[in-house]
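The values are calculated or read from the model by the stated rules, or taken from the named source; none is laboratory data. All figures in this text were calculated on a predicted structure; none of them were measured in a lab. Counting neighbours? That spans all protein chains shown, and the Cβs are built from the backbone with ideal geometry, glycine included. These area figures cover heavy atoms from the full protein model, side chains too; ligands, DNA and RNA do not enter into them. Shrake-Rupley method; radii C 1.70, N 1.55, O 1.52, S 1.80 Å.
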Amino acid sequence: MANSPLLSRPGAVAGAQTDAGVAAHYGEPNKEQRALFNGDAIADLSHFEVVQLAGEDRLTWLNTLSSQALDNLHPGQSTQTLLLTVQGRIEFDIRVLAGTDFLWLLLEPGQARLLVTFLERMRFMMRVEITDVSEQYALLGACAAQPALAHYPVWIDPWPGVAVGGYAYSAPEEHPGTESPWYLYIVPAAELEAAVGTTPLAGMLAVEALRIAAWRPRFGFDTDEKTIPHELDLIRTAVHLDKGCYKGQETVARVHNIGRPPRRLVFLQLDGSMHTLPAVGSEVRIGEKVIGTLTSVATHFEAGPIALAIIKRNIDTESDVDVVDGEEHYAAKQETIVSPDAGQTAGRFTGFLRTPR
């Protein structure tokens, strides 16, 4: 992927690994993060990828393949859907925006070619056209609607709402994700610099910190080859529990109704006295016992060092934990995202958790 032209802005420091090609920050990470949170800055996500799905059968066909109900999606509507394995494990996490004549499918970096290959194999005689347009379009992220970008298509993150047919595994009624809504504007790549204009920019360090604080899982970071939607609380936004058959549905239904997810996503407030951050992939322990893995980490402009981790389901929610990175130990307090009691909803008079009003 070519580097974003916005990397030429003063102070820009390039990101690394998955977020290479765009800025990690522009010289003032905390200031950028606060501005992004307040809706006064936008983030360059031009390394994310874009696929267009056209043709008469686009909605009904994608509906049969994926976890979300898409057959009645209207132009301008945003949603999230997953493509799963037969075992219910997440293969693709897709942000879907309905246009008038096609669907926008927004993806993490490196996913478009894989998705197009997968969808072409499943096309058969259906009237659909699948096109990777990642080189033609760029994404700009914001925590508030941007009037200057209003003429561009925009995907509005359904997180942390509970979509029709969804279900919340998070315990608190006041979800922290409500504090930072997320808008992704789809801009022609040739217009990227003009679209940004003089609006302040925030780098990916800011984006990641706000995402982690919102308990929002990210594909490829908080997922692995074993991840099922229940472990990340993705039943709330990306799965319709009452829709028709799709690959992985049996596992989704079985775990939700009569089983429990084997692992769960937790939020960690890390000890701020260390002056460093543990690496992603560090072990999460109680004493000498390894109970999970650190999956995302950042420094929040107010809360300090924060992280997400995947841990074993039955770990006591009140237990303090250590994050171990080599010789360094970082004390951490956990906050429950997915309850140990998630699942086994069959026969209950009401859901495990109330749908937020």
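Residue by residue through segment 53-91, note down the ones that are out of contact with any Asp or Glu (no Cβ under 8 Å at 6 or more places or on another chain), in contact (Cβ under 8 Å) with a residue 60 or more places away in the chain and within 17 Å of Gly110 (Cα to Cα).
Ile90 - this is the single residue of segment 53-91 that is out of contact with any Asp or Glu (no Cβ under 8 Å at 6 or more places or on another chain), in contact (Cβ under 8 Å) with a residue 60 or more places away in the chain and within 17 Å of Gly110 (Cα to Cα).
Scan segment 62-113 residue by residue and report those that are among the aromatic types (Phe, Trp, Tyr) and over 21 Å from Pro229 (Cβ atoms).
Hits for segment 62-113 are Phe102, Trp104.
Being out of contact with any Asp or Glu (no Cβ under 8 Å at 6 or more places or on another chain) and either farther than 10 Å from Val51 by Cα or not in a helix (DSSP H, G or I) (or both): is that true of Ile94 here?
So Ile94 fits the description; yes.
Would you tally the residues in segment 18-40 being out of contact with any Leu (no Cβ under 6 Å at 6 or more places or on another chain) and in a loop (DSSP other than H, G, I, E, B)?
Counting residues in segment 18-40 that are out of contact with any Leu (no Cβ under 6 Å at 6 or more places or on another chain) and in a loop (DSSP other than H, G, I, E, B) gives 8.
Identify, by number, the condition in (1) more than 21 Å from the chain's Cα centre (by Cα); (2) over 22 Å from Val338 (Cα atoms) that Ala279 doesn't meet.
(1)
Could you say whether any residue in segment 129-143 is more than 17 Å from Tyr185 (Cβ to Cβ), part of a loop (DSSP other than H, G, I, E, B) and not polar (S, T, N, Q)?
yes
I'm trying to understand the selection: among the residues of segment 1-17, which are of a type outside the set (Gly, Ala, Ser) and either part of a loop (DSSP other than H, G, I, E, B) or in contact (Cβ under 8 Å) with a residue 12 or more places away in the chain (or both)?
The answer is Met1, Asn3, Pro5, Leu6, Leu7, Arg9, Pro10, Val13.
Please specify each residue of segment 49-78 satisfying the condition of being open to solvent by less than 30 Å² (accessible area, probe 1.4 Å), part of a loop (DSSP other than H, G, I, E, B) and at negative phi.
Scanning segment 49-78 gives Asp57, Ser66, Ser67, Gln68, Leu70, Leu73.
For segment 154-165, how many residues meet the condition of being part of a loop (DSSP other than H, G, I, E, B) and open to solvent by 50 Å² or more (accessible area, probe 1.4 Å)?
So the count comes out to 1.
Taking the stated definitions as given, is Ala168 buried (at least 24 other Cβ atoms within 10 Å of the Cβ), small (Gly, Ala, Ser) and closer than 18 Å to Glu108 by Cα?
In short, no.
If you take the residues of segment 5-30 that are β-branched (Val, Ile, Thr) and either within 22 Å of Glu191 (Cβ to Cβ) or under 19 Å from the mean Cα position of the chain (by Cα) (or both), which of them is surrounded by the fewest Cβ atoms within 10 Å (Cβ to Cβ)?
Looking at the filtered set, the residue picked out is Thr18.
Can we say Glu179 is out of contact with any Lys or Arg (no Cβ under 9 Å at 6 or more places or on another chain), open to solvent by 20 Å² or more (accessible area, probe 1.4 Å) and of a type in the set (D, E, K, R)?
yes
Being over 24 Å from Trp182 (Cβ atoms), without any contact (Cβ under 8 Å) to a residue 40 or more places away in the chain and touching a helix residue (DSSP H, G or I) at 6+ places or on another chain (Cβ under 6 Å), is that true of even one residue in segment 102-117?
No, because not a single residue in segment 102-117 is over 24 Å from Trp182 (Cβ atoms), without any contact (Cβ under 8 Å) to a residue 40 or more places away in the chain and touching a helix residue (DSSP H, G or I) at 6+ places or on another chain (Cβ under 6 Å).
Condition check: under 19 Å from the mean Cα position of the chain (by Cα), without any contact (Cβ under 8 Å) to a residue 60 or more places away in the chain and open to solvent by less than 30 Å² (accessible area, probe 1.4 Å). Does Gly141 satisfy that?
no
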